[in-house]
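J.: Below are the structure tokens for one structure; questions will follow.
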Amino acid sequence: MRLAKYLASCGLGSRRDCEKLIEQGRVSVNGQTALTPATNIDQAVDKVTFDGVVVAPKGKIYYAVNKPAGYTSSRDDKHADRLVTRLVPNDPPVWPVGRLDRDTSGLILLTNDGELTQRLTHPSYGKEKEYLLTTDTAFSNDELSEARAGVVLEDGLLKPDFIEPAGGKNYRVVIHEGRKRVVRRFAAYFGKSVRRLERIRIAGLKLDDLEEGDYRSLTAEETSSLLS
């Protein structure tokens, strides 16, 4: 097994996070500092340590959280007053799957399963994220037509999978990528200020009636669906 994947199974973050830990020289295999994330190990024989502490695979934990606005999607951020990981049990440690910016509320997953994190955050898997967007002024029909055709933001083209009115100045927006603050920047392209932004679905998992600030464990069926 590749070392980065093994570390992810130990609950140290996504494979990408674990690759950075290896590159920082914080991981050793049989007493020798691992040089590359591509290092292969035999988990039945090799002794792997992180910051000098032996690590081993943990049982998989999956939480769905209704993140309130004002919480930072991180486990460790010295500049943040409130971290989303403090809304769930601390043991075993879990990490957010992707990021939901501080001012956005709604569904976020926390897990120690690096494989799930990879499948939900890498664009090649095309997992949908659905948002309920509330703006200060309504989109005109022409603006909605332009939005559906795709707009060019500073970091490239954004073409929503779906955008439809949801009553008043509310809109359902579905995208399958996770660029930073992309829905807010999308609204700003049309001169709209965001009054509220809430993520209500990730792939087949819906926020439903989960109260703001609460969490629940995913069912085996839900995790299987997200991994498929």
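The values are calculated or read from the model by the stated rules, or taken from the named source; none is laboratory data. Predicted model, so just to flag it, every value in this text is computed and none were measured. A quick note on method: Cβ atoms are made from the backbone with ideal geometry, for glycine too, and the neighbour counts reach across all protein chains shown.
J.: Which strands (runs of 3 or more DSSP E) sit wholly inside the stretch 133-182 and have at least 3 residues that are among the hydrophobic types (A, V, I, L, M, F, W, C)?
T.: Output list reads 151-153, 170-175.
J.: Filtering the stretch 31-42 down to residues that are closer than 15 Å to residue 1 by Cα and at pLDDT 85 or above, which residue is farthest from the chain's Cα centre (by Cα)?
T.: Among those residues, the one meeting the criterion is 42.
J.: I'd like to know if the stretch 40-49 contains one or more residues that are of a type outside the set (Val, Ile, Thr) and crowded, with 16+ Cβ neighbours inside 10 Å.
T.: no
J.: Being part of a loop (DSSP other than H, G, I, E, B) and either among the hydroxyl-bearing types (Ser, Thr, Tyr) or surrounded by 14 or more Cβ atoms within 10 Å (Cβ to Cβ) (or both) is the filter here; which residues of the stretch 196-211 pass it? If you could, list the steps in order and put the result at the bottom.
T.: We begin by selecting, within the stretch 196-211, every residue part of a loop (DSSP other than H, G, I, E, B); these are 203-204, 207-211.
Passing the criteria: 203, 207, 210.
J.: Next up: Within the stretch 1-30, how many residues are assigned to a strand (DSSP E or B) and touching a Lys or Arg at 6+ places or on another chain (Cβ under 8 Å)?
T.: Number of matching residues: 1.
J.: Search the stretch 88-101 for residues being within 13 Å of the chain's Cα centre (by Cα) and in a loop (DSSP other than H, G, I, E, B), and hand back the single one that is nearest to residue 227 (Cα to Cα).
T.: Of the residues in the stretch 88-101, the ones within 13 Å of the chain's Cα centre (by Cα) are 94-101.
If we keep only those that are in a loop (DSSP other than H, G, I, E, B) as well, we get 94, 97-101.
Numbers: 94: 17, 97: 13, 98: 15, 99: 18, 100: 20, 101: 24 Å.
In this case the residue turns out to be 97.
J.: Identify all residues within the stretch 161-187 that are under 20 Å from residue 142 (Cα atoms), surrounded by 16 or more Cβ atoms within 10 Å (Cβ to Cβ) and among the small types (Gly, Ala, Ser); write none if there are none.
T.: Once the filter is applied, which keeps residues that are under 20 Å from residue 142 (Cα atoms), surrounded by 16 or more Cβ atoms within 10 Å (Cβ to Cβ) and among the small types (Gly, Ala, Ser), the stretch 161-187 yields only 187.
J.: Residue by residue through the stretch 104-131, note down the ones that are assigned to a helix (DSSP H, G or I), in contact with an Asp or Glu (Cβ under 9 Å, 6 or more places away or on another chain) and among the hydroxyl-bearing types (Ser, Thr, Tyr).
T.: 117
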